[in-house]
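The values are calculated or read from the model by the stated rules, or taken from the named source; none is laboratory data. What you see is a predicted model; the values in this text were computed from it and never measured. When we count neighbours, we look across all protein chains shown, and the Cβ atoms used for this are built from the backbone with ideal geometry, even at glycine. For the accessible areas, the whole protein counts, side chains as well, though only heavy atoms, and no ligand, DNA or RNA atoms are used. Shrake-Rupley method; radii C 1.70, N 1.55, O 1.52, S 1.80 Å.
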Amino acid sequence: GLALCADEAGGRDVNLDQQPSALDLAWLAGILEGEGCFWWSKVKKYEYPALALQMTDEDVVRRAAALMGTSVSKYQWPHMKWKPVFRATLWHAKAVGVMMTVFPFMGIRRKEKISSLICRWRSIPNRAGYPERVWRGRNKH
C-alpha cells in the first residue's frame with residue numbers, strides 16, 4: 001500500500017491505505033493535547049472550526065500531518081536566529097473529523113473546547129455548502 005518513508009513519518013511508516021491504529025490515534029491525541037491549537041476561525045462571512053499543530057520538530061509534525069491527511073508548511077524568519085517552525089493545519093469538516101477521532105483520548109479542557117467547536121459548527125445552516133475555495137486552500141498553509 002501507499003506509505004510514507006519512515007524518515008518522513010517520524011521514524012514510523014504511516015500507511016495511508018489503512019485506518020490508523022489505536023496506537024497512532026493515541027499518539028496523535030497526545031501531541032495535539034500538548035502542542036495543538038483548537039479555535040473558531042472566521043474568513044469574511046464564513047466561520048468554521050480549525051486545528052493546528054506547530055513545532056520545530058519536523059518529523060513529529062510530518063507524522064501528525066500524515067495521520068490527519070494534511071500537508072506541512074515550513075516557516076523561517078531570515079532575520080531571526082530561531083529554528084524553522086513546521087505547521088500542519090486543518091479547517092472546517094476535516095478539522096471536525098480529527099477532533100471527533102481524538103476526542104476520547106483528550107483531557108477535560110480539550111474535550112470542552114472540542115465540544116464547543118463541534119456544537120457551534122453543527123449549528124451553522126448549510127455548512128456543507130461553504131465554498132471550497134474558502135477552506136480548501138487554507139489546508140495547504
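Observations on the structure shown:
So that you can scan it fast, the table gives a plain yes or no per residue for (1) open to solvent by less than 60 Å² (accessible area, probe 1.4 Å); (2) among the aromatic types (Phe, Trp, Tyr); (3) at pLDDT 95 or above; (4) out of contact with any His (no Cβ under 6 Å at 6 or more places or on another chain):
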{"position": "Trp77", "(1), (2), (3), (4)": "no, yes, no, yes"}
{"position": "Met80", "(1), (2), (3), (4)": "no, no, no, yes"}
{"position": "Lys83", "(1), (2), (3), (4)": "no, no, no, yes"}
{"position": "Ala88", "(1), (2), (3), (4)": "yes, no, yes, yes"}
{"position": "Arg109", "(1), (2), (3), (4)": "no, no, yes, yes"}
{"position": "Arg120", "(1), (2), (3), (4)": "no, no, no, yes"}
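- Residues within the range 21-46 that are buried (at least 16 other Cβ atoms within 10 Å of the Cβ) and charged (D, E, K, R), tallied: 1
- Taken over the range 55-72, the residue count meeting the criterion of being touching a Phe, Trp or Tyr at 6+ places or on another chain (Cβ under 8 Å) and either open to solvent by less than 20 Å² (accessible area, probe 1.4 Å) or within 18 Å of Ser41 (Cα to Cα) (or both) is 1.
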